[in-house]
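Chemist: Below is one structure. I have some questions about it.
None of the figures in this text is laboratory data; all of them are computed from the coordinates on show. The structure displayed is predicted, hence computed values, not measured ones. Note that we place each Cβ from the backbone using ideal geometry, even for glycine, and neighbour counts take in every protein chain shown.
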Amino acid sequence: MVKGLYIAHSAMINEQHRMDTMTNNLANIATVGFKKEGATSQTFADAMAVRIKDSSNWYLDRRLGNMQPGVKIGESYTDWSEGSIRETGNTFDLALSTKGFFKIEYTDKAGVTTTKYTRDGTFTLDLNGVLRTKDGDYVLDTNGNHIQMDPTQPASVDRQGNIFQNGNQPLAQIAVTDIENYDYIAKYGENLYDLVEGGTEVPSQAQVLSGYLEQSNVDAVPEMVSMITIQRHYEMNQKIIQTMDSTLEKAVNDVGKLR
């Protein structure tokens, strides 16, 4: 019976983790380019239970059989499917037609500069004509440089990411890349991604869509249905613990009591 308490407890912890993941998805349903996450569950390995210090069997531990300690939190994963495309009419609102990432120069609070990746193409020009993200990070071109243009002149961006302004020659080409194996991508925060050690960049086949933004790929209806299911699983295991606790209380306090 005590084993059942641990099994129900592990199930509640797992459902709590799934709920945290689900609520994070719902909180980012309006975040441009956001990719929803999911969580898997695993069972603990069976453990052989024994009776220790049992002198009835030649001082050998007596086997009681296999025990299943319940469920544990598995791996978290990211759904990389593309979200819907929304038209904005803003030249520097950019979306990618298929898999790929924009390259961003990111500087943290300690002043360390690194390259990050994002699907969020909400870009803008600063007063000096430098193309930046909505958080102020630099958008990189194919040579790894900042993109500089005249902020007083109109500009256009073609499907290859070339930026044109006052002429037929492109000023720069926005860097768009892909990752060979998405297992080497880690979420950094602020809608950015890191390429972890072992990951490799590869050319992207994505077209750059100027005047459009990719929406989050979170669908509210399935997420809400899953949330209700998770809540019911949690309450069910909570009820199991309450029932076992009540039974144990009676066993300890009432069974064998002298009248």
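Chemist: Around residue 211, what is the net charge, scoring Lys/Arg as +1 and Asp/Glu as -1 over all other residues with Cβ under 15 Å from its Cβ?
Modeler: Overall, the nearby charge balance is -2.
Chemist: So, one more: To test your reading of the geometry: what angle, between 0 and 90 degrees and rounded to tens, separates the Cα axis of helix 2-27 from the longest principal axis of the chain?
Modeler: 20 degrees
Chemist: Between region 176-235 and region 108-163, what is the C-alpha centre distance in whole Å?
Modeler: 21 Å
Chemist: I've got another one for you. Given contacts defined as C-alpha pairs under 8 Å and at least six residues apart, what's the relative contact order of region 110-174, whole-number percent?
Modeler: 21 percent
Chemist: For a distance above 26 Å, tell me the whole-number percent of Cα pairs in the chain that qualify.
Modeler: Here the long-distance tail beyond 26 Å is 58 percent of all Cα pairs in the chain.
Chemist: If you take the beta carbon distance between residue 232 and residue 183 as r and set R0 to 35 Å, what does 1/(1 + (r/R0)^6) give as a FRET efficiency, to the nearest 0.05?
Modeler: For R0 = 35 Å, the calculated efficiency reads 0.60.
Chemist: Using modelled amide H (1.01 Å from N, peptide plane; none on Pro or chain starts), what sits under 5 Å from the amide H of residue 74, excluding residues fewer than 5 places away?
Modeler: 40, 41, 42
Chemist: Something else about it: Within a 10 angstrom radius of the beta carbon, how do 22, 227 rank from fewest other beta carbons to most?
Modeler: 227, 22
Chemist: Calculate the dipole size of the chain relative to its Cα centre from +1 charges on Lys and Arg beta carbons and -1 charges on Asp and Glu beta carbons; express the result in debye to the nearest 20.
Modeler: 1500 debye
Chemist: Normalised by the residues of the chain, what does the relative contact order come to in percent, with Cα pairs under 8 Å and at least six apart?
Modeler: 26 percent
Chemist: If you average the sequence gap of Cα pairs under 8 Å that are 6 or more apart and divide by the length of region 85-214, what percent do you get for the contact order?
Modeler: After rounding, I find 35 percent.
Chemist: To the nearest 500 deg cm²/dmol, what mean residue ellipticity at 222 nm is calculated for the chain from DSSP H runs of n ≥ 4 alone, each contributing -39,500 (n - 2.57), summed and divided by the residues?
Modeler: So the helix-based figure for the chain works out to -8500 deg cm²/dmol.
Chemist: Here is a follow-up. Can you tally the net charge around residue 82? Count Lys and Arg as +1, Asp and Glu as -1, for every other residue whose Cβ sits under 15 Å from the Cβ of residue 82.
Modeler: It works out to a net charge of 0.
Chemist: In what sequence do 81, 41, 204 fall when counting other Cβ within 10 Å, fewest first?
Modeler: 81, 41, 204
Chemist: Suppose each label sits 7 Å from its Cα in the direction of the beta carbon; what would the residue 200-residue 249 distance come out to in nanometres?
Modeler: My value for the distance between the label points is 6.2 nm.
Chemist: Between residue 82 and residues 5 or more places away or on another chain, which pairs have amide H atoms under 5 Å apart, with H built 1.01 Å from N, and which residues are they?
Modeler: Residues meeting the criterion, in which the H sits 1.01 Å from N, do not exist here.
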